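The values are calculated or read from the model by the stated rules, or taken from the named source; none is laboratory data. Since the structure is predicted, the reported quantities are computational estimates derived from the model, not experimental observations. Glycine gets a Cβ as well: all are built from the backbone with ideal geometry, and neighbour counts include every protein chain shown.
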């Protein structure tokens, strides 16, 4: 009998986990819808949306989903996950329907605030999943649930093709309004399936807790430290899942469909690998896993900071070592009196006058590393009298960096993998330190992480506007990775040295 009960509980736990994950996938696809739809509206000038406004548009749904994670987590701890999950999906479906009636940027923003509720599904799923699994299996279970992050890849893969079909290849631009209705239908169908096949379960001792008791864990600095980690590995992930679409459009001149496909190379594996992150956290420990994650992110983001560049700069010049009259001027030699001066010539055949207008052979092909070439160009004429130390030939240095799209994509793909592992590792800490407050702690950590998804696109937009460089976003993320790594390492060193704990 006991064995049958155990098998029954395990079967129920697996079913709940599967439905939680599927529902979260649908919610996440809706949550990041503006990543493709916003880029489409802006790129095709259907609505006047600037780069900074696009950042706001991408971030607004993330803001709602982030802020609502704490109250939703509290409600889940009190009433269980089933009724809360159903309510979240229905409210999000109502919000996404209003997108199809939008006539201007303001309307899109208000609709984003409404359907952004779909992002709060994460806090429900974390708490709801945890009550069905024992502590030693929660890392793996929560990692599998986090695979729902792949919903962003579903949007970047399918939405561009859907828009192309709905608009008849651009012949009917207003056809885009049907896309939000399909998203709403997916949410409603998922809600019905979820309501029919799940069973509610309330965490133990939830009914005896006051609101003050439920919020008490938020006094711990550890909660906020976990939140900052999650700001990076989840918030930046959400931001990049959307930001990479306009990034590929603008930097590499791709079509919307191709840009969506390339962006999915980042977002899809990151979502799927989260399950592996949960397993690794159970196997090796969340702390060790986070060391690998933060170190790798710092290195990988640093590797893509350099933008595509074509720079002509002054190089090493040739000076006369004595005075005299110039008797010969050629591309590879200048003679003053009877003193010859050898000049470096361009091996690519480029000259400083032609690089800016036509480029050089350095720009051809698929280059991985930056290419540098230096040469000298005569600055004097035959018959000209020169003095000692006068410039005979000016040096020119040409630096070309292609920012190869395939190299860039591989690096971003690896960064996405590490962020996926990190998302699971952060949440693996919570049941260990706050076993009776998974909902509220998971909620606030999710809020902070989600705020990363809100602020990062806006910050990326303003950094782009201020610097003119699309790669400025990578500099920000590299610095943030280093800050997180140093904070974690410093805290651990204090703990192991017996100093007062600051976490």
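Every condition in (1) in contact with a helix residue (DSSP H, G or I) (Cβ under 7 Å, 6 or more places away or on another chain); (2) within 16 Å of residue 183 (Cα to Cα) is met by residue 158 except one, and the failing one is (1).
With 461, 452 as the choices, which residue is under 26 Å from residue 144 (Cβ atoms) and either in contact (Cβ under 8 Å) with a residue 24 or more places away in the chain or in a helix (DSSP H, G or I) (or both)?
452
If the requirement is being closer than 11 Å to residue 419 by Cα and surrounded by 18 or more Cβ atoms within 10 Å (Cβ to Cβ), which of these qualifies: 264, 270, 281? Show your work before the answer.
Values: 264 fails: closer than 11 Å to residue 419 by Cα; 281 fails: closer than 11 Å to residue 419 by Cα.
When all the criteria are applied, what remains is 270.
Among what's in the range 100-112 and is within 21 Å of residue 51 (Cβ to Cβ) and in contact with a helix residue (DSSP H, G or I) (Cβ under 7 Å, 6 or more places away or on another chain), pick the residue that is surrounded by the fewest Cβ atoms within 10 Å (Cβ to Cβ). It comes out as 109.
Is the range 479-486 home to any residue that is within 25 Å of the chain's Cα centre (by Cα), at pLDDT below 85 and either assigned to a helix (DSSP H, G or I) or closer than 19 Å to residue 301 by Cβ (or both)?
So in the range 479-486, the residues within 25 Å of the chain's Cα centre (by Cα) come out as 479-486.
Subset that is at pLDDT below 85: none.
No: the range 479-486 contains no residue that is within 25 Å of the chain's Cα centre (by Cα), at pLDDT below 85 and either assigned to a helix (DSSP H, G or I) or closer than 19 Å to residue 301 by Cβ (or both).
It is to be established whether one or more residues within the range 16-35 are modelled with pLDDT of 80 or more, under 28 Å from residue 93 (Cβ atoms) and loosely packed, with under 15 Cβ neighbours inside 10 Å.
Yes, there is a match, as at least one residue in the range 16-35 is modelled with pLDDT of 80 or more, under 28 Å from residue 93 (Cβ atoms) and loosely packed, with under 15 Cβ neighbours inside 10 Å.
Report yes if some residue within the range 46-54 is crowded, with 24+ Cβ neighbours inside 10 Å and either touching a residue at least 40 places away in the same chain (Cβ under 8 Å) or part of a helix (DSSP H, G or I) (or both); otherwise report no.
Yes, the range 46-54 contains at least one residue that is crowded, with 24+ Cβ neighbours inside 10 Å and either touching a residue at least 40 places away in the same chain (Cβ under 8 Å) or part of a helix (DSSP H, G or I) (or both).
Please pick out the residue among 131, 154 that is touching a residue at least 24 places away in the same chain (Cβ under 8 Å), surrounded by fewer than 24 Cβ atoms within 10 Å (Cβ to Cβ) and over 30 Å from residue 256 (Cβ atoms). Break it down into steps so the answer makes sense when it comes.
On the way: 154 fails: over 30 Å from residue 256 (Cβ atoms).
Matching residue, one of 131, 154: 131.
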